[in-house]
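Colleague: Structure below; questions to follow.
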Amino acid sequence: MIHKEQSNYAEKIIKIKNDANELACEEIRIEDWWDRVGGGSWMGAKGNPACLIYAMRSGLSSKINIPIDNEVLYGKINGLGYLVHIKELELWKISNIVIKKSKIMKVKNYYVSWIYVRPNGIQSYDNKRNTKTRCIIKQGDEILSVGETLCGKKDSFSKEVGRKKSLGRALKALYPDQKEKRTEFWTGYRNLGKYPRWKLNSKKIVKEIQNVMSKFK
């Protein structure tokens, strides 16, 4: 085994660079370094389909000059296993202000979590522009949907805005025609925390109060 420790990118979803070959712009869920997964270098893994595809792919012409070494990660795209060199990835540095995954918000048997990512190279979190908010909806260990939003150069970074937009996009992808399902998640988000995040429609509140009052007449 070449890498003694687990990759820092394990269990993270990372976008592949635009300049990569046929995997360009895909998002891959990293599991670990290939040598830790496969038990050795990809160069010695005879007959392994993922290693063979990587060998052919890395040998093709590309704007990314992929070196022949073992800085190779293994992950999955749409359930299929792939090897990617670390140079092929858009490496995003996860901030220290990470909201813990899994049980941050539970809606029935679904879990919703948010993470904040920023371009690699920004050492200080004072510069919060260009920060991505990523919403992940899971059921057990399976990722069902991911939504992202990017804080623009002229915008002021807001966790609340980022969470809402990324959640909306994740839900739209998961339930495009099921408004009632999306409403369940939004209700859960509204009640996440000590106080409700926004007030219900005032007309509905008045009607509810009137209904309650009428019972005591």
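The values are calculated or read from the model by the stated rules, or taken from the named source; none is laboratory data. These numbers were taken from a predicted model, which means no experiment stands behind them. Here the Cβ is made from the backbone with ideal geometry for all residues, glycine too, and neighbour counts use every protein chain on show.
Colleague: Take segment 66-90 and flag every residue that is in contact with a helix residue (DSSP H, G or I) (Cβ under 8 Å, 6 or more places away or on another chain) and outside any strand (DSSP E or B).
Modeller: If we filter segment 66-90 for residues that are in contact with a helix residue (DSSP H, G or I) (Cβ under 8 Å, 6 or more places away or on another chain), which is where we start, we get 66-68, 70-74, 81-85.
Selection gives I66, P67, I68, N70, E71.
Colleague: Then there is this: Considering only segment 38-65, how many residues are loosely packed, with under 11 Cβ neighbours inside 10 Å, not charged (D, E, K, R) and not in a helix (DSSP H, G or I)?
Modeller: Total satisfying the criteria: 5.
Colleague: Scan (1) outside any strand (DSSP E or B); (2) at pLDDT below 90 for the single condition C135 breaks and write down its number.
Modeller: Condition (1) is where C135 drops out.
Colleague: Report the residue count in segment 143-176 for those that are within 21 Å of W186 (Cα to Cα) and either assigned to a loop (DSSP other than H, G, I, E, B) or modelled with pLDDT under 80 (or both).
Modeller: Of the residues in segment 143-176, 3 are within 21 Å of W186 (Cα to Cα) and either assigned to a loop (DSSP other than H, G, I, E, B) or modelled with pLDDT under 80 (or both).
Colleague: Quick check on my filter: what residues within segment 2-30 are farther than 14 Å from V117 by Cβ and among the hydroxyl-bearing types (S, T, Y)?
Modeller: In the first step, residues of segment 2-30 are kept if they are farther than 14 Å from V117 by Cβ; the result is 2-7, 10, 16-26, 28-29.
Of everything in segment 2-30, just one residue is farther than 14 Å from V117 by Cβ and among the hydroxyl-bearing types (S, T, Y), namely S7.
Colleague: Restricting to segment 1-33, what's the tally of residues that are among the polar types (S, T, N, Q) and either under 19 Å from S145 (Cβ atoms) or assigned to a strand (DSSP E or B) (or both)?
Modeller: Selection size over segment 1-33: 0.
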